[in-house]
Amino acid sequence: MPHDLVSDFQARGLIHQSTDSSQLREWLSTPGRRVYAGFDPTADSLHVGHLVALVLLRRVAHAGHEPVALIGGATGMIGDPSGRSEERNLLSPDELAANIAGVERQIRGILSNAGNDGHVTRHHVVNNADWMRGVGYLEFLRDVGKHVPLSQMLGKDSVKSRLERDGGLSYTEFSYMLLQAWDFVHLSDALDCRVQIGGSDQWGNITAGIELGRRLRSRELHGITCPLLTKSDGTKMGKTASGAIWLDPRRTSPYRFYQYWINLDDDDAGRCLARLTPLSLEELTDLDAKRAANPAARDSQKRLAEELTRLVHGDTGLAAARQATDIFFGAEIGQLDDGQLAEIFADVPSREFPLSSLDGDGLQLVEALTDTGLAQSRGAARRTIEQGGAYVNNRRISDVAYRLTAKDLAGAATLVLRSGKKSYAIARFQ
RNA sequence: GGGGAGUUUCCCGAGCGGUCAAAGGGGUCAGACUGUAAAUCUGAUGGAUUAUUCCUUCGCAGGUUCGAAUCCUGCACUCCCCA
């Protein structure tokens, strides 16, 4: 395996800016080097936007180095102004603690199974609150602040752009870069970690750390930023009309996660394959060729969705997502238990009915469609049925007078209604 | 202050005494096609019931008529022109 991380990053389009690449290569030519990326705990889960950095750390591990994930327990209290147009709201200590716990679990999950070629990689997860907490304000100003020229701080994009806006920024957010700079120096002391990677919006913070390392320790630190993932329509990767795509299955089900990647357009899928998956460059070229020859097969999207769903949700998550995909795209729903149904249809609205409504003649399909909100009125429900748009457990029902009875149940007490191609609702009977 | 035009169903916009739940377009919802894309085509689109039919809707309130979205009166709002 070619262990030249820098060339690999370049080939995959992962480098936006970096410090001198020959020095970087030189430093990384010895195995076991430590490379870090930071994650601020702004929510109790990471989202797709964090995936690039996480995958970068996995690549670091693959190249024979040791990834270090830094959780910003301290910096998260302040809020990073980079890439932000408005002042952040401060998190309460409780929220922050919960966020740290959630984020840490996800990071460990992704880094510990980094060995899909068999080996468990050595990695570190650190929290900057651990070394920041004990540092007093005066001490910090003397030891760190004294070595950072104001002109340099004011020159950063994150500060400049905010000062030009109406809202400006607070002294608190202004100071953020000092904390991150100090993190870098601290990690170089404690772990001999000399490379920091991050999104392109982190360049200012990273160089602040490099500068501080030079002044304080006369030490050469290195930095790499990768381009922010954007879609070809200009929007941010991982953002949808209904919100962000999260890594936590409770926020975004494995099915929706999987679907997000399946639905990318061809160019985006190609770019994501290169940047987010461990596929070799040969495999990438191969998929590029297939995509050009037969775009309808959607090989790239499938492979991408598969790789990333397995990475984030594991094999069971991938299996669930696939099963859900089959069902959402027409497969008749056979024998599934209520638990499986609940999992597959996690994102679907549901409605409870008394179990007794299935007795005797049963429940009018028209009524079930309106009660679950799939149809606006009984007339609309009738119309949908007449036009062939109504399904029970994915079986088309075209009889307006159809009544649901116990034999229509998919699980023990669950039944799946659908209107048209995509609108589902779950009816639960109790 | 004077003169004129207007207010229609989710939106735009026809209708100017019965044949009006109201043309047409957009949107939306189904169906076909398709790459879970885009475009295109077909159907539907106030509510209840489908056999018929009933109820509610055309700025608001009254009135004239067997019958009004359409005529009259008053009120509210919007726009334009002249001072």
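Would you say A:THR384 is within 12 Å of RNA strand B (Cβ to nearest atom) and free of Cβ contacts under 8 Å to residues at least 12 places away in the same chain? Reasoning before the result, please.
On the way: within 12 Å of RNA strand B (Cβ to nearest atom): yes; free of Cβ contacts under 8 Å to residues at least 12 places away in the same chain: no.
When the stated conditions are applied, A:THR384 does not pass them.
Residues that are in contact (Cβ under 8 Å) with a residue 40 or more places away in the chain, under 29 Å from the mean Cα position of the chain (by Cα), open to solvent by 70 Å² or more (accessible area, probe 1.4 Å) and assigned by TED's automatic domain parsing to the domain that holds A:THR75: does region A:170-191 have at least one?
no
Among A:GLY38, A:GLY83, A:GLY102, which is small (Gly, Ala, Ser), in a loop (DSSP other than H, G, I, E, B) and in contact with a Ser or Thr (Cβ under 8 Å, 6 or more places away or on another chain)?
A:GLY83
For region A:205-219, state whether one or more residues are buried (at least 22 other Cβ atoms within 10 Å of the Cβ) and part of a strand (DSSP E or B).
no
Only one of A:ARG256, A:ARG275 is open to solvent by 60 Å² or more (accessible area, probe 1.4 Å) and either over 23 Å from A:GLY109 (Cβ atoms) or among the basic types (Lys, Arg) (or both). Can you tell me which?
A:ARG256 is the lone residue from the list that is open to solvent by 60 Å² or more (accessible area, probe 1.4 Å) and either over 23 Å from A:GLY109 (Cβ atoms) or among the basic types (Lys, Arg) (or both).
Restricting to region A:188-206, what's the tally of residues that are out of contact with any helix residue (DSSP H, G or I) (no Cβ under 9 Å at 6 or more places or on another chain) and modelled with pLDDT of 95 or more?
2
Just to be sure I understand, how many residues within region A:233-265 are within 14 Å of RNA strand B (Cβ to nearest atom) and outside any loop (DSSP other than H, G, I, E, B)?
Qualifying residue count for the region: 10.
What number of residues within region A:407-426 are in contact with a Phe, Trp or Tyr (Cβ under 6 Å, 6 or more places away or on another chain) and either more than 13 Å from A:ASP337 (Cα to Cα) or not assigned by TED's automatic domain parsing to the domain that holds A:PRO349 (or both)?
So the count comes out to 2.
Do the conditions hold for A:ASP268, that is, is it within 16 Å of RNA strand B (Cβ to nearest atom) and either in a loop (DSSP other than H, G, I, E, B) or under 24 Å from A:SER21 (Cβ atoms) (or both)?
For A:ASP268, the condition - within 16 Å of RNA strand B (Cβ to nearest atom) and either in a loop (DSSP other than H, G, I, E, B) or under 24 Å from A:SER21 (Cβ atoms) (or both) - is not met.
Please state which of the following conditions A:LEU281 fails to meet, knowing it meets all the rest: (1) more than 20 Å from A:THR325 (Cβ to Cβ); (2) surrounded by fewer than 17 Cβ atoms within 10 Å (Cβ to Cβ); (3) free of Cβ contacts under 8 Å to residues at least 60 places away in the same chain.
Against the list (1) more than 20 Å from A:THR325 (Cβ to Cβ); (2) surrounded by fewer than 17 Cβ atoms within 10 Å (Cβ to Cβ); (3) free of Cβ contacts under 8 Å to residues at least 60 places away in the same chain, A:LEU281 comes up short only on (3).
Six or more apart or on different chains, Cβ atoms under 6 Å: show the pairs whose first residue is in region A:32-56 and touching a residue at least 12 places away in the same chain (Cβ under 8 Å) and whose second is hydroxyl-bearing (Ser, Thr, Tyr).
Between residues of region A:32-56 that are touching a residue at least 12 places away in the same chain (Cβ under 8 Å) and residues that are hydroxyl-bearing (Ser, Thr, Tyr), the close pairs are A:ASP40/A:THR75.
Just to verify a result, which residue in region A:397-425, among those that are more than 36 Å from the chain's Cα centre (by Cα) and outside any loop (DSSP other than H, G, I, E, B), is surrounded by the fewest Cβ atoms within 10 Å (Cβ to Cβ)?
Result: A:LYS407.
How many residues are surrounded by 18 or more Cβ atoms within 10 Å (Cβ to Cβ), within 15 Å of RNA strand B (Cβ to nearest atom) and free of Cβ contacts under 8 Å to residues at least 40 places away in the same chain when one looks only at region A:308-338?
Summing the residues that are surrounded by 18 or more Cβ atoms within 10 Å (Cβ to Cβ), within 15 Å of RNA strand B (Cβ to nearest atom) and free of Cβ contacts under 8 Å to residues at least 40 places away in the same chain in region A:308-338 gives 0.
Scan region A:361-376 and give yes if some residue there is open to solvent by 60 Å² or more (accessible area, probe 1.4 Å), more than 12 Å from RNA strand B (Cβ to nearest atom), modelled with pLDDT under 90 and over 23 Å from A:TYR255 (Cβ atoms), otherwise no.
Looking through region A:361-376, at least one residue is open to solvent by 60 Å² or more (accessible area, probe 1.4 Å), more than 12 Å from RNA strand B (Cβ to nearest atom), modelled with pLDDT under 90 and over 23 Å from A:TYR255 (Cβ atoms).
Right, A:GLN17: open to solvent by 30 Å² or more (accessible area, probe 1.4 Å), over 23 Å from A:ILE100 (Cα atoms), in the same structural domain as A:TRP182 (by TED's automatic domain parsing) and in contact with a helix residue (DSSP H, G or I) (Cβ under 9 Å, 6 or more places away or on another chain) or not?
yes
Those residues that are surrounded by 15 or more Cβ atoms within 10 Å (Cβ to Cβ) and assigned to a helix (DSSP H, G or I), I need them from region A:125-151; list them, please.
Once the filter is applied, which keeps residues that are surrounded by 15 or more Cβ atoms within 10 Å (Cβ to Cβ) and assigned to a helix (DSSP H, G or I), region A:125-151 yields A:ALA129, A:TRP131, A:MET132, A:PHE140, A:GLY145, A:HIS147.
Filtering region A:20-47 down to residues that are of a type in the set (Ser, Thr, Tyr) and out of contact with any strand residue (DSSP E or B) (no Cβ under 7 Å at 6 or more places or on another chain), which residue is farthest from A:CYS193 (Cα to Cα)? Reasoning before the result, please.
Residues of region A:20-47 of a type in the set (Ser, Thr, Tyr): A:21-22, A:29-30, A:36, A:42, A:45.
After this cut, where a residue has to be out of contact with any strand residue (DSSP E or B) (no Cβ under 7 Å at 6 or more places or on another chain) as well, the list is A:21-22, A:29-30, A:42.
Numbers: A:SER21: 17, A:SER22: 18, A:SER29: 14, A:THR30: 13, A:THR42: 24 Å.
Only one residue tops the list, namely A:THR42.
The values are calculated or read from the model by the stated rules, or taken from the named source; none is laboratory data. Just so it is clear, the model here is predicted, and its values are computed rather than measured. Quick reminder, even Gly has a Cβ in these numbers, built from the backbone with ideal geometry, and neighbours come from all protein chains shown. Heads up: the accessible areas ignore ligands, DNA and RNA and are worked out on the full protein's heavy atoms, side chains in. Shrake-Rupley method; radii C 1.70, N 1.55, O 1.52, S 1.80 Å.
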